[in-house]
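Worksheet for the structure shown next.
The values are calculated or read from the model by the stated rules, or taken from the named source; none is laboratory data. Remember, it's a predicted structure, so these values are computed and weren't measured experimentally. Every residue, glycine as well, gets a Cβ built from its backbone with ideal geometry; the counts of neighbours run over all protein chains shown. Quick note on the areas: whole protein, heavy atoms, side chains included, nothing else; ligands and nucleic acids left out. Shrake-Rupley method; radii C 1.70, N 1.55, O 1.52, S 1.80 Å.
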Amino acid sequence: MIGDPISHSRSPQMHAAAFQALGLPFSYNAIRVSSGEVALALERLLALGYRGINVTVPLKEEVASFVVADAFAARCGAVNTVDLANLWGINTDGPGFLDTLKGAIPPGATVLMLGAGGSARAIALALVLDGYNLRIYNRTTERALTLIRELSIEAEVVENPALQDVQLIVNATSASLNQQSLPISFAQAPRSAVAYDLVYGDSPFLAAAAQAGLRTIDGKPLLAAQGARSLEYWLGVGAPRDAMLEAIQ
Ligand code: NDP
């Protein structure tokens, strides 16, 4: 995995667990690479024998310009998984997010997404392509409008994050990282709604949702699902998804 910062990443332990479960003698390392260094990093990592790379903040957009991206990643403008030998790239954040909704929130449901940053882009595109009705609220409304314009998706940008008729509320902001609250009241949400925060573990957002009686999902299932899809892309075998999720609990 390349990015900056990288030392906090749980991906090495997750992929180590996957390789162990599959009986494969591979290793997965987190390597700090700064913006502007992607071309050199790809060349050096290939020479060192690396087969695949995950890409995290702030390099997903930069990497997209050095690889042949599939249709989804190209439309997102962001690549998080690279097949180094062929210089092909995909984005597993969006499809991985959909994996985590299976059995809980079916396509056709109304989703309110908070945030319009990098992860919000992949999730918004995946949701709309899969048939969900998407509303986006962002602190800076202009950024949400830019997101739907650049992705060419049908979604409603709202200035007031009302929850009365939503089945899923996704917090794709970084507010929880700083333990900051968002301007929403779960008292208005249907009791059957699900609150989903991309951050790992507890957050003020999930605590408020749980207090209002909503089901909650944190960011760990997404980390595991996007990692599983990366592994399947590199190796062409089914990923041990349960072992991967367990490794990051
Ligand atoms: P970005 O920096 O690209 O975007 C940040 C977003 O958060 C913007 O929409 C910004 O709004 C909003 N925001 C930040 N602070 C506040 C606040 N106090 N109140 C309201 N809105 C706020 O971040 P990313 O998209 O890269 O990451 C978002 C979150 O997702 C992070 O917490 C990250 O850790 C998590 N994540 C989890 C993953 C997983 O696998 N579980 C994968 C990737 C990310 P504005 O436009 O107004 O500035």
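Here Ala175 meets the list (1) more than 9 Å from the ligand (Cβ to nearest atom); (2) open to solvent by less than 30 Å² (accessible area, probe 1.4 Å) almost entirely, failing just condition (1). For beta carbons closer than 6 Å, sequence separation of 6+ or different chains, a first residue in the range 72-97 that is within 11 Å of Gln226 (Cα to Cα) and a second that is of a type in the set (Val, Ile, Thr) and away from the ligand (no atom under 14 Å from the Cβ), the qualifying pairs are Thr81/Ile90.
Whether any residue in the range 85-100 is aliphatic (A, V, I, L, M), within 13 Å of the chain's Cα centre (by Cα) and closer than 21 Å to Pro58 by Cβ is what I want to check.
Yes.
When Arg121 is tested against (1) buried (at least 24 other Cβ atoms within 10 Å of the Cβ); (2) in contact with a strand residue (DSSP E or B) (Cβ under 9 Å, 6 or more places away or on another chain), exactly one condition is not met: (2). In the range 192-224, of all residues being more than 22 Å from Gly117 (Cα to Cα) and open to solvent by 30 Å² or more (accessible area, probe 1.4 Å), the one that is nearest to the ligand (Cβ to nearest atom) corresponds to Ala208.
Can you tell me which residue is least open to solvent (accessible area, probe 1.4 Å) among those in the range 96-118 that are in a helix (DSSP H, G or I) and away from the ligand (no atom under 11 Å from the Cβ)? Quick ask: steps written out before the conclusion?
Step one: list which residues in the range 96-118 are in a helix (DSSP H, G or I), which gives 96-101, 118.
If we keep only those that are away from the ligand (no atom under 11 Å from the Cβ) too, we end up with 98-99, 101.
Details: Leu98: 31, Asp99: 31, Leu101: 2 Å².
In this case the residue turns out to be Leu101.
Looking at the range 78-95, is at least one residue surrounded by 15 or more Cβ atoms within 10 Å (Cβ to Cβ), of a type in the set (A, V, I, L, M, F, W, C) and assigned to a helix (DSSP H, G or I)? No: the range 78-95 contains no residue that is surrounded by 15 or more Cβ atoms within 10 Å (Cβ to Cβ), of a type in the set (A, V, I, L, M, F, W, C) and assigned to a helix (DSSP H, G or I).
Candidates Arg149, Arg135, Arg139: the one that is more than 9 Å from the ligand (Cβ to nearest atom) and open to solvent by 70 Å² or more (accessible area, probe 1.4 Å) is Arg149.
Residues that are farther than 14 Å from Met244 by Cα, open to solvent by 60 Å² or more (accessible area, probe 1.4 Å) and not in a loop (DSSP other than H, G, I, E, B) within the range 13-33 comprise just one, Arg32. Within the range 225-236, the only residue that satisfies the criterion of being more than 16 Å from the ligand (Cβ to nearest atom) and touching a helix residue (DSSP H, G or I) at 6+ places or on another chain (Cβ under 9 Å) is Leu235.
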